[in-house]
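This report concerns only the one structure given below.
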Amino acid sequence: MPSSSISFGTARALMEALGGLKQNPAGHQVAVIALSQLQPEFHRQNLVQRAAEVFAPMLREKDGPRVFLPASLDIVVLGRDLPRDAVRDAAGAIRALFGADPLARERTPGRDRFARWFDLSRPDHMKAFVTLADDIDKRSSEAAQATGAWNINDQPLTPKRLALLTADMEGLDVGPLLHRQAVVEVSDDRRATLAHEEFLISLAALRKKVAEEVNLQSDRWLFQDFTRSLDRHLLRVLKNMDVFQKPNALSINLNLETLYSDAFAGFAAALRPGQSLLIEAQGVDVFADIAIFLRARDWLHEKGHKLLIDGLTPRTMETVDLGPLGADFYKLGWNPGLVHSVDGDDAAAARALIGAIGAEKVILGRVDSEQAMAWGLRAGIRRFQGFFVDSMLGAMIHGACSDPCGLGRCIASRRQLTGILRDQCRDPDRLDGTNRITAKSV
């Protein structure tokens, strides 16, 4: 067994360690703490690090376990003769740290979804853990691509680093970093139609270009300054792209202050006649200054645009009366913990929360599976966004193409705005023109 350590930010190390044990797993156990299943507001770097460090006393022991913290944010403790009582105590301390989350409070006899134990010498346990490890590896890869996984050694964002990054971005071509995600509306007969498309910059790709070793989100206010600069680049580049003119409705995520800039005025002027615009504002920024939000809402409505509040969670919906804010749409982020956090699988409590806002105004984002969409439909939601939606659209394009080049390529090509995949697409009109998913696909 390798020497004791904590491996941050990589699922590969976990998979390699597991591969080395498959032939001789006797005496080895694994504990998994499912932080990934907690509500998104608990996925903060300082909290996750504190949770992983609860296992530090075990790491000081000779031939102690290894602790992995992949980008999926599941803590995995792997070792020989793991002291089960000590692991149980550590899991209890972590449970207390996240005690405000429904999953951490859940106590179902014989079934603990927050902390799981595997004895790898048992074939059934080994099989179950291999399946879970594969899922962690997949989700870690998706998380790193979507947001840029942070690492314990990342440098914090400081005013000096912010100034340097802002200067570096002046000469950066952000076009290749742009992509789009469809939002579909599902009808009662389970047919999905494209409602609008969101255009955004990949933060992970941007980090690799200008800030690979900087934790951009370590300081909320400096990160907001950084995104204001990013807004200008996004608006300047996007308005000159042909694909920008294609959807009848589109959305972009902006700081509210950006709305009053020359960059936004130029962008809005480039909209074609009949093309509608939806501005997405982060909930944390909205609630930080309601007055600014209300002025921005009225200003956008006067100009014929719409406004969405992004980044909502069930906790936000329970504690904040969203109705008086008068937003046109509200985006709730999917998390597997939602299934059990609101009155069991029937989602009755979720229907009550969503109904109070108006189900027609709610978008379920980060939809990564059929389970997520099914939960949303049971809760009354009809608009969805996420990789599962992208995959369904890609399947429609791939199935209708007379000369298909691979489903994965279709999905990636549709998400991109520029690049070799789009350039080599054999049916670009279908790539941009497909806006309906049949009932069979949904």
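The values are calculated or read from the model by the stated rules, or taken from the named source; none is laboratory data. These numbers come from a predicted model, not from an experiment. Glycine gets a Cβ as well: all are built from the backbone with ideal geometry, and neighbour counts include every protein chain shown.
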Subset of segment 192-204, residues among the aliphatic types (A, V, I, L, M) and in contact (Cβ under 8 Å) with a residue 40 or more places away in the chain, comes to ALA192, LEU194, ALA195, LEU200, LEU203, ALA204
Note: among VAL87, VAL76, just one is assigned to a strand (DSSP E or B) and either free of Cβ contacts under 8 Å to residues at least 60 places away in the same chain or aliphatic (A, V, I, L, M) (or both), namely VAL76
Taking segment 371-399 and keeping residues among the charged types (D, E, K, R) and within 16 Å of the chain's Cα centre (by Cα) leaves ASP390
Residue pairs within 8 Å by beta carbon, gap of at least six or interchain, first lying in segment 253-277 and farther than 23 Å from ASP225 by Cα, second of a type in the set (Gly, Ala, Ser) and part of a helix (DSSP H, G or I), listed first then second, are LEU277/ALA268
Those residues of segment 187-225 that are under 18 Å from the mean Cα position of the chain (by Cα) and among the aliphatic types (A, V, I, L, M) come to a total of 7
Among residues of segment 272-294 being touching a strand residue (DSSP E or B) at 6+ places or on another chain (Cβ under 6 Å) and farther than 14 Å from LEU200 by Cα, the residue surrounded by the most Cβ atoms within 10 Å (Cβ to Cβ) is VAL286
The helices (runs of 4 or more DSSP H) lying wholly within segment 1-72 that contain at least 2 residues that are at pLDDT below 85 and under 17 Å from VAL130 (Cβ atoms) are 12-21
- Task: Using the structure shown, decide if LEU338 is more than 26 Å from the chain's Cα centre (by Cα) and either of a type outside the set (Val, Ile, Thr) or surrounded by 18 or more Cβ atoms within 10 Å (Cβ to Cβ) (or both).
- Result: no
Scanning segment 376-428 for residues that are among the acidic types (Asp, Glu) and more than 22 Å from GLU185 (Cα to Cα), the one modelled with the lowest pLDDT turns out to be ASP403
LEU132 meets each of (1) modelled with pLDDT under 90; (2) more than 20 Å from LEU21 (Cβ to Cβ) with one exception, condition (2)
Inside segment 218-231, the number of residues satisfying the requirement of being in contact with a helix residue (DSSP H, G or I) (Cβ under 8 Å, 6 or more places away or on another chain) and surrounded by fewer than 19 Cβ atoms within 10 Å (Cβ to Cβ) is 7
